[in-house]
Structure formats: structure tokens, C-alpha cells
Amino acid sequence: MTADEAKNEMIQNQLEGRGMVDQDVLGAFRAVDRLLFVPEGLARLAYADEPLPIGYGQTISQPFVVAIMTELLGLNKTARVLEVGTGSGYQTAILSRLAREVVTIERIKELHESAKKLLDVLGYGNVRAVLGDGYEGYPEAAPYDGIVVTAAPPTIPEALVAQLAPGGRMIAPIGSSEQMLVRITKNKRGELTSENIFPVLFVPMRHG
Ligand code: SAH
């Protein structure tokens, strides 16, 4: 099987097979090759239905989880997005194909640098990769139409909610021993609603 065939099979079985129909999101998955974002030694698992270690105790998320989090943001081409936890840069690349601008923040210098380099080489010019603690968000570029958090804080970080634009959505895994994927929506009047999506298991969000 070629890499392309393996990628198409991943999209068919893991995403479409689980009911994902958003053609924009599926198109972004076709355009971004997960193989480029996994460590060389794990190439054989590049399209597997699981998270994979990327070093420093961190993981690249399972493709389905990246897809569902992206879909739940409901992005359009004018959207500005904040991603907390760049990691491998895989989800960053997916987001950058669906939004106008993506700001992504990572606290581990080595991961920040390698993701930034890779995204540059691949030509993702609408991505701004920042090294730092994203627990407080990134107010310099706020507000955001979408915020996606890829490490789990124990409770919903208020600073992130504050950086959501009216009409914006935030997707985050919340909790310590047990985590729930939560979507927070801020309506045009600034009122918040919260939905529980399903239980998940992410690396913990560090603070400081
Ligand atoms: N979206 C990434 C997932 C990486 S795992 C991918 O698909 O590869 C989550 C990442 O969040 C890790 O790289 C971890 O270092 C980072 N992280 C944890 N706490 C953070 C914080 N407070 N600020 C920024 N990044 C953080």
C-alpha cells in the first residue's frame, strides 16, 4: 500500500466510517500527510487509529480526535484560531487549511522549534508559532473565533474564554484523572454555553 492509499484508508475508516461528513474538514485531512508529523521510527504507524509518542512525554493526537475537535470549531475561511499545544504541528496544519490565521502556542522549546520549521518548509504561511505557556492564552492576538486546547487543564481556563470573540467556540479536554471533551460557545451577546462531547484522554496541561 502506498502512503497515499494508507492515508485515504485512514480517512475512510476512521473519519467517514464514524460519521464525519464535513467536506472541508475531510479535504484538509486529504491535504495534510500525518506521516510528516510523526517520528521517523513510527512511520509504519503514521495512519494508525491511535495517538503516537512525539518525545518529551507528549503525543500526536489520534486522527479521529483531531478531526472531531476541528469539526466542532465550525471554522470558516475568515476565522482566526488559537491552538494551545502545538506538539507535532499536525493539527496546526489541518487548522491552517480551514482558517484565515492560526496562532499556535507550545511550551516545550524543542517541539515548538521542530513544528515551526516543518510548518515553514511545508509553506503554511498563515501560521504564527509561539513559544510559551498557553494556559493564559495569547492575548496579543485575541480575540479568536476558535480556540482548540490539546492538553487537559483541570478546569476551564477563564483567560481562554475571555479571548473568545462573540460567536466563537472553544474545544478543550477538561479534568485531571477523568477528562471530558467540552465545547464552550460564546454567543453574539457574550453569553456562554457549554456542551459535554465525550470522555477523552489527553496529556495534562502544564502551567508555568
Ligand atoms: N495538537 C498536537 C497535540 C500535542 S500534545 C498534535 O497533534 O501533535 C499537547 C501539547 O501541549 C504538548 O506538546 C505539550 O507540551 C503542550 N502543552 C501542555 N501544556 C501547555 C501549556 N500550558 N502551554 C502550551 N503548550 C502546552
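None of the figures in this text is laboratory data; all of them are computed from the coordinates on show. The model shown is predicted, which means the values in this text are computed figures rather than measured ones. A quick note on method: Cβ atoms are made from the backbone with ideal geometry, for glycine too, and the neighbour counts reach across all protein chains shown.
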Legend entry - Packing rank of 170-176, 120-126, 86-92, where each peptide gets the mean count of other beta carbons within 10 Å, highest leading: 86-92, 170-176, 120-126
Inset, instruction - Quick one: order 7, 117 by neighbouring beta-carbon count within 10 Å, fewest to most. - result: 117, 7
Legend entry - Sorted largest first, extent of the stretch 73-190 alpha carbons per principal axis (Å): 39, 35, 22
Inset, instruction - Note down the magnitude of the dipole of the stretch 105-150 about its Cα centre, charges +1 on Lys and Arg C-beta and -1 on Asp and Glu C-beta and zero elsewhere, to the nearest 20 debye. - result: 140
Inset, instruction - Could you tell me which trypsin sites (Lys or Arg not before Pro) in the stretch 175-208 are loop residues by DSSP with no more than 16 other beta carbons within 10 angstrom of their beta carbon? - result: 188, 189, 206
Inset, instruction - Only Lys, Arg, Asp and Glu count, each charged at its Cβ (+1, +1, -1, -1), so figure out the dipole size of the stretch 61-208 about its Cα centre, rounded to 20 debye. - result: 360
Inset, instruction - Rank these for me by crowding, 34, 128, going from fewest to most other beta carbons within 10 Å. - result: 128, 34
Inset, instruction - Distance check, please: which entries in 77/186; 77/109; 77/116 exceed 24 angstrom between their Cα atoms? - result: 77/109
Inset, instruction - Report, by chain and number, residues whose modeled amide H sits under 5 Å from the one on residue 181, excluding near sequence neighbours (fewer than 5 apart, same chain). - result: 174, 197, 198, 200
Legend entry - Value of [θ]222 nm, deg cm²/dmol, for the chain, DSSP H segments ≥ 4, -39500 (n - 2.57) each, nearest 500: -7000 deg cm²/dmol
Inset, instruction - Treat the count of other C-beta atoms within 10 Å as a stand-in for reagent exposure and order 111, 36 from fewest to most. - result: 36, 111
Legend entry - Cα-centre dipole for the stretch 20-93 with unit charges at Cβ (Lys and Arg positive, Asp and Glu negative), debye to 20: 160
Legend entry - Beta bridge orientation in the chain: antiparallel %, DSSP, nearest 5: 45
Inset, instruction - Quick one: go through the stretch 105-128 and flag any residue whose amide nitrogen is under 16 Å from the point 7 Å out along the Cα-to-Cβ line of residue 140. - result: 105-109, 112-113, 116, 127-128
Legend entry - Listed residues 64, 23, 108: farthest to the positive end of the dipole of the stretch 1-117 (Cβ charges): 108
Legend entry - C-alpha center-to-center spacing [the stretch 163-208, the stretch 87-116] in angstrom: 19
Inset, instruction - Would you compute, for the Cα atoms of the chain, the largest minus smallest coordinate along each principal axis and list the three values in descending order, in whole Å? - result: 51, 36, 36
